[in-house]
């Protein structure tokens, strides 16, 4: 038991696991391009759904991903065990509170991992909701219906979009529940879903259409909170007086 | 004005070239702020400022702007972590690392990139700016680690460890800003693309690197020595290059130039 604890709190475990993470990630970045039929739609659904289907259905090409997930889990456990050990030392008076900052960063890292796990399991992805101007389209199985009230866009002579904005209304049970403008960097949020404008253009009969994605990431706010905590602790850690013996 | 601002780019390239030439010729400046590198940095900052005003967005889009900002941040890192007399010996390799991306940028199309709607957000500048600051500090890490390993210079060792830590911190902040931007622009703070995977890989690499110095040296492989730590710091530059250029130019990714 002592040996296992020593292994889980060891910095060498951190170093070797990080190396395994790096090698698996590097391999994965190449494998993903080789097997587009497996990996190209990873973002069109939540990760747990993809993993249960294509991920487990193609163990060979997905091997790098299993190593990546295993390494991430081990790094998280390693960070927690290291922090618990330090907290015990502080409680026994063997270490000062000043040495706690790296462990705030550990906790923040763990928070980001857990929040991302929550999004990967309980999130939702509704991709490719295509709707002509003035028409309605169901937003997946959410029970929401989206109406594209108006689409405005202007194109540069070079062919790229200079500006675009879609006025949309969301309905539930025929009653409008949210209304807003969706444009670049400005989605419409409602009931935990973000509605994003992904594509647009003219229909064959001339009127404009737009394609939307609707995503729900229940862990996103917590990812932000823990990322902010990490950044704050990191900034404090950079002050030399705090870094001594940390 | 559109074409004239490029003169500032060429002048900064000339100054960086002069610094690298002098350093390789064995002539070091008396102080960091009385060097050709400092002059080049000022001209470069002016160039980027004017270009930002002309383009209406941070000049960090496309391969030309990415390379020149990378060069700028590498030059800046000389003043952030290599100012001590002991660490200034790293200016010789570092001046070459400043010059190379700027010289590569000189070969590329320098026309202003248009303001794509997705770039019209402060998260773009903060994400890319912090990331490149991290890249610049990783370049300083390579130069300092090289000096530390070749001469056992204590000041260079400490500065190299600082460069890795500061670079990791800047890169972390860049990742946070990028996640926020991606969440608002594309609907998720995380997308499975080679660029994102390599970014996390780079982050994990330097996170582990900042822990290496706390592992006590021991006999046998790999020894966990300072040489190993400095070697890993130097290798980190190439992991960064693979993330920045390798993925963008060799693999298909949404971050491609």
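The values are calculated or read from the model by the stated rules, or taken from the named source; none is laboratory data. All of these numbers come straight from a predicted model, not from anything done at the bench. Cβ placement follows ideal geometry from the backbone for every residue including glycine, while neighbour counts extend to all protein chains displayed.
Output yes when any residue across region A:104-116 is surrounded by 20 or more Cβ atoms within 10 Å (Cβ to Cβ), farther than 30 Å from residue A:83 by Cβ and within 27 Å of the chain's Cα centre (by Cα), and no when none is. No: zero hits.
Among the residues in region B:177-188, are any at pLDDT below 95, surrounded by 19 or more Cβ atoms within 10 Å (Cβ to Cβ), under 30 Å from residue B:100 (Cα atoms) and facing chain A (nearest Cβ under 7 Å)? No: zero hits.
What number of residues within region B:98-121 satisfy the criterion of being modelled with pLDDT of 95 or more and either assigned to a helix (DSSP H, G or I) or crowded, with 18+ Cβ neighbours inside 10 Å (or both)? Final tally of qualifying residues: 9.
Scanning region A:1-28 for residues that are within 7 Å of another protein chain (Cβ to nearest Cβ) and touching a helix residue (DSSP H, G or I) at 6+ places or on another chain (Cβ under 7 Å) yields A:11, A:14, A:15, A:18, A:21, A:22, A:25, A:26, A:28.
Conditions tested, residue by residue: (1) without any contact (Cβ under 8 Å) to a residue 12 or more places away in the chain; (2) outside any helix (DSSP H, G or I); (3) within 19 Å of residue B:74 (Cα to Cα).
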{"residue": "B:195", "(1), (2), (3)": "no, no, no"}
{"residue": "B:198", "(1), (2), (3)": "no, no, no"}
{"residue": "B:207", "(1), (2), (3)": "no, no, no"}
{"residue": "B:215", "(1), (2), (3)": "yes, yes, no"}
{"residue": "B:223", "(1), (2), (3)": "yes, yes, no"}
{"residue": "B:233", "(1), (2), (3)": "no, no, yes"}
{"residue": "B:237", "(1), (2), (3)": "no, no, yes"}
{"residue": "B:241", "(1), (2), (3)": "yes, no, yes"}
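Here residue B:242 meets the list (1) facing another protein chain (nearest Cβ under 9 Å); (2) closer than 24 Å to residue A:10 by Cα almost entirely, failing just condition (2).
Residues checked against (1) surrounded by 18 or more Cβ atoms within 10 Å (Cβ to Cβ); (2) touching a strand residue (DSSP E or B) at 6+ places or on another chain (Cβ under 8 Å); (3) free of Cβ contacts under 8 Å to residues at least 24 places away in the same chain:
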residue: A:187; (1), (2), (3): yes, yes, yes
residue: A:190; (1), (2), (3): yes, yes, no
residue: A:194; (1), (2), (3): yes, yes, yes
residue: A:204; (1), (2), (3): no, no, yes
residue: A:207; (1), (2), (3): no, yes, no
residue: A:212; (1), (2), (3): yes, yes, no
residue: A:215; (1), (2), (3): yes, yes, no
residue: A:218; (1), (2), (3): no, no, no
residue: A:225; (1), (2), (3): no, no, no
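With respect to (1) modelled with pLDDT of 90 or more; (2) surrounded by fewer than 16 Cβ atoms within 10 Å (Cβ to Cβ); (3) assigned to a loop (DSSP other than H, G, I, E, B), the lone exception for residue A:142 is condition (2). Would region B:133-141 turn up any residue that is more than 17 Å from residue B:210 (Cα to Cα), at pLDDT 95 or above, in contact with a helix residue (DSSP H, G or I) (Cβ under 9 Å, 6 or more places away or on another chain) and within 14 Å of chain A (Cβ to nearest Cβ)? For region B:133-141, residues more than 17 Å from residue B:210 (Cα to Cα), at pLDDT 95 or above, in contact with a helix residue (DSSP H, G or I) (Cβ under 9 Å, 6 or more places away or on another chain) and within 14 Å of chain A (Cβ to nearest Cβ): present. With respect to residue B:199, determine if the residue is modelled with pLDDT of 95 or more, out of contact with any strand residue (DSSP E or B) (no Cβ under 8 Å at 6 or more places or on another chain) and within 8 Å of another protein chain (Cβ to nearest Cβ). No, not satisfied.
Suppose the filter is in contact with a helix residue (DSSP H, G or I) (Cβ under 8 Å, 6 or more places away or on another chain), more than 8 Å from chain B (Cβ to nearest Cβ) and loosely packed, with under 14 Cβ neighbours inside 10 Å; does residue A:236 pass it? For residue A:236, the condition - in contact with a helix residue (DSSP H, G or I) (Cβ under 8 Å, 6 or more places away or on another chain), more than 8 Å from chain B (Cβ to nearest Cβ) and loosely packed, with under 14 Cβ neighbours inside 10 Å - is met. Filtered by the rule that a residue be within 18 Å of residue B:44 (Cα to Cα) and within 14 Å of another protein chain (Cβ to nearest Cβ), region B:73-112 gives B:80, B:109, B:111, B:112.
All conditions in (1) over 13 Å from the mean Cα position of the chain (by Cα); (2) crowded, with 24+ Cβ neighbours inside 10 Å hold for residue B:142, with the sole exception of (1). Restricting to region B:65-97, give me the number of residues that are within 15 Å of the chain's Cα centre (by Cα), assigned to a helix (DSSP H, G or I) and closer than 16 Å to residue B:33 by Cβ. The total comes to 10.
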